[in-house]
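Data block below; observations after.
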Amino acid sequence: MPAPTRFSLLVAAYPTITAALLFAFRRLQYQYPILDRIITHQTQARLFQHNAAAGLAITAPTTNAAAQYTAQISQSATGASGASMATNNFQYSISPSYHAKDRHLVARKYSGSVAANSGKRTTRPASGEDSFFFNKIRESESVALGVIDGVGGWNEIGVDATDFSHSLAEAMAELTAKLSTDTSAKSDESNSIVSKFSFPPLVLLDAAYNAIRNSGKVKAGGSTACVGVAHGNGTLQAANLGDSGFFIFRDGKIHYMSIPQTHYFNAPYQLAIIPQKIIEQNARYGGKNFDDKPSDANLSTHKLKHGDVVLFCTDGVLDNLLPSDCLRIVNEEMISQGNWIVDRRSGDIQASGERQYSGVDSLAKRLVSAAFKASIDPKTDGPFAMEAQRQMKVLYKGGKPDDITALVMFVHQHIGGKTQEKL
């Protein structure tokens with residue numbers, strides 16, 4: 001038998017070398033969390049170019065990162081006018097689901113009037129560095145909700161990365177009691193939030209951020225945030241800062257999908273509290289401080305419709321599931337529950353108005369469960385792996401382990417005590 005050549009030895013050792021490189025990169029990912037912040041905006045941007053087949057209705061943010069924008073959805077309600085819209089009664093069913101790394105999957109169902117977080121640390125959900133909130137806004141039919149993703153890199157310097165994200169969520173849940181959606185209200189009322197902004201989600205995010213900064217209880221940390229306010233007239237306003245995001249699913253299609261915000265490839269926008277010592281250290285060694293402001297968030301306004309499904313989620317979902325994966329799960333769940341119906345002739349999907357919708361909790365849990373399974377799949381490349389290979393030119397296979405959080409909201413419209421199929 002001839003002696004093995006260098007080439008044959010290399011071929012024989014290839015599986016071992018590949019496994020070793022993958023293991024090394026996985027360790028590097030956790031040792032240097034900046035690699036853990038790779039986002040999928042490039043993948044999503046490419047998907048936008050093919051939006052016709054998926055039914056997307058996308059309004060892209062301005063290229064000026066510091067500027068705000070409002071994306072008005074051009075599709076108007078059938079037979080609705082500005083006067084009648086005010087009398088339309090929209091209601092919302094909301095369910096959170098989350099999976100922290102090394103924890104069991106949790107799904108809980110609440111009404112839109114229940115706060116997820118009460119502000120006490122002992123009641124914080126076991127969602128890892130992710131957090132969330134939702135609560136009914138005082139004296140209104142409006143509901144505020146949002147997801148917050150703590151920046152894990154703070155753990156590397158001894159800072160609890162969960163403290164900032166959970167504190168921000170708790171502050172927003174509490175401040176909904178002071179948030180006014182009435183633009184004619186006096187800004188100096190003692191029980192109202194005094195803000196230089198008028199866009200409700202931005203008011204809430206700004207007030208909560210300032211509250212935790214001024215309290216002194218959170219010494220350091222940072223997070224991204226995606227916050228929305230759904231009004232009783234069917235309008236959804238959203239403020240998205242960073243690489244969390246939200247979808248609007250309508251009639252079996254993706255009606256809207258937010259676009260992540262980044263400074264550059266692996267650096268998402270983030271709110272932060274940075275100690276002076278770290279600022280000085282970064283200045284000395286050429287480090288970068290990411291200290292974005294609530295006003296840097298992308299702002300958008302959308303007209304909701306009876307039967308819509310709204311999904312707010314952290315990058316634990318977006319880095320492991322493609323938009324088409326999310327759409328498939330939503331369609332299957334909504335049709336199986338009888339919430340959406342399929343026209344036998346055309347195959348078109350439309351909202352059912354025959355009964356109150358059910359299954360919001362099962363849909364939230366299924367989305368998070370699918371994202372978790374994808375995150376631990378070592379063979380099937382998800383959005384994170386695709387971007388790592390394309391942008392960083394590294395060998396990365398499979399999913400991306402991360403904290404995963406989803407808030408699912410069902411949209412119901414009631415006119416004269418009955419659920420209506422269309423506006």
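The values are calculated or read from the model by the stated rules, or taken from the named source; none is laboratory data. Since we're looking at a predicted model, the values are computed, not measured. No Cβ is skipped: glycine too gets one built from the backbone with ideal geometry, and neighbour counts run over all protein chains shown. For accessibility, only protein heavy atoms count, side chains too; no ligands or nucleic acids. Shrake-Rupley method; radii C 1.70, N 1.55, O 1.52, S 1.80 Å.
Restricting to segment 306-359, what's the tally of residues that are assigned to a loop (DSSP other than H, G, I, E, B), touching a residue at least 12 places away in the same chain (Cβ under 8 Å) and among the hydroxyl-bearing types (S, T, Y)?
4
List the residue pairs whose Cβ atoms are under 8 Å apart, where the first residue sits in segment 391-403 and is open to solvent by 60 Å² or more (accessible area, probe 1.4 Å), the second is of a type in the set (V, I, T), and the two are 6 or more positions apart or on different chains.
Qualifying pairs under 8 Å: Q391/I38; L395/T18.
Please go through segment 331-368 and give me each residue that is among the β-branched types (V, I, T) and within 16 Å of Y92 (Cβ to Cβ), ordered by number. Steps first, answer last, please.
From segment 331-368, those among the β-branched types (V, I, T) are 335, 341-342, 349, 360, 368; that's our starting set.
Hit for segment 331-368 is V360, nothing else.
Considering each of V147, V151, V194 in turn, give the residue that is among the β-branched types (V, I, T) and either touching a Lys or Arg at 6+ places or on another chain (Cβ under 6 Å) or at pLDDT 95 or above (or both). Full working, then the answer.
Values: V151 fails: either touching a Lys or Arg at 6+ places or on another chain (Cβ under 6 Å) or at pLDDT 95 or above (or both); V194 fails: either touching a Lys or Arg at 6+ places or on another chain (Cβ under 6 Å) or at pLDDT 95 or above (or both).
It is V147.
Check whether at least one residue in segment 220-233 is open to solvent by less than 40 Å² (accessible area, probe 1.4 Å), hydroxyl-bearing (S, T, Y) and touching an Asp or Glu at 6+ places or on another chain (Cβ under 7 Å), and report yes or no.
Residues of segment 220-233 open to solvent by less than 40 Å² (accessible area, probe 1.4 Å): 220-232.
Adding the requirement that they be hydroxyl-bearing (S, T, Y) leaves 223-224.
Going one step further and asking which of them are touching an Asp or Glu at 6+ places or on another chain (Cβ under 7 Å), we end up with 223-224.
For segment 220-233, residues open to solvent by less than 40 Å² (accessible area, probe 1.4 Å), hydroxyl-bearing (S, T, Y) and touching an Asp or Glu at 6+ places or on another chain (Cβ under 7 Å): present.
For residues that are open to solvent by less than 10 Å² (accessible area, probe 1.4 Å) and either of a type outside the set (G, A, S) or within 24 Å of K277 (Cα to Cα) (or both), tally how many sit in segment 144-165.
Result for segment 144-165: 8.
From the residues in segment 306-332 that are more than 25 Å from D377 (Cβ to Cβ) and touching a Ser or Thr at 6+ places or on another chain (Cβ under 9 Å), which one is surrounded by the fewest Cβ atoms within 10 Å (Cβ to Cβ)?
If we take residues in segment 306-332 being more than 25 Å from D377 (Cβ to Cβ) and touching a Ser or Thr at 6+ places or on another chain (Cβ under 9 Å), then H306 is surrounded by the fewest Cβ atoms within 10 Å (Cβ to Cβ).
From the list I335, I341, which one is open to solvent by 60 Å² or more (accessible area, probe 1.4 Å) and more than 13 Å from F249 (Cβ to Cβ)?
I341
Take the residues in segment 253-267 that are farther than 17 Å from G228 by Cβ and either modelled with pLDDT of 90 or more or β-branched (V, I, T) (or both); name whichever of them is least open to solvent (accessible area, probe 1.4 Å). Break it down into steps so the answer makes sense when it comes.
Step one: filter segment 253-267 for residues farther than 17 Å from G228 by Cβ, giving 253, 262-267.
Filter once more, keeping what is either modelled with pLDDT of 90 or more or β-branched (V, I, T) (or both): 253, 262.
Numbers: K253: 105, T262: 34 Å².
Within segment 253-267, the match that is least open to solvent (accessible area, probe 1.4 Å) is T262.
Take A388 and decide whether it is in contact (Cβ under 8 Å) with a residue 12 or more places away in the chain, touching a His at 6+ places or on another chain (Cβ under 6 Å) and aliphatic (A, V, I, L, M).
Numbers: in contact (Cβ under 8 Å) with a residue 12 or more places away in the chain: yes; touching a His at 6+ places or on another chain (Cβ under 6 Å): no; aliphatic (A, V, I, L, M): yes.
No; evaluated as a whole, the condition is false for this residue.
Answer with yes or no whether Q270 is touching a residue at least 40 places away in the same chain (Cβ under 8 Å) and either more than 20 Å from the chain's Cα centre (by Cα) or open to solvent by less than 20 Å² (accessible area, probe 1.4 Å) (or both). Don't jump to the end; show me each part of the working.
Working: touching a residue at least 40 places away in the same chain (Cβ under 8 Å): yes; either more than 20 Å from the chain's Cα centre (by Cα) or open to solvent by less than 20 Å² (accessible area, probe 1.4 Å) (or both): yes.
Judged against the criteria, Q270 is a match.
Which of (1) among the polar types (S, T, N, Q); (2) in contact with a Gly (Cβ under 8 Å, 6 or more places away or on another chain); (3) open to solvent by 30 Å² or more (accessible area, probe 1.4 Å); (4) within 29 Å of S223 (Cβ to Cβ) is the odd one out, the single condition Q350 does not satisfy?
(4)
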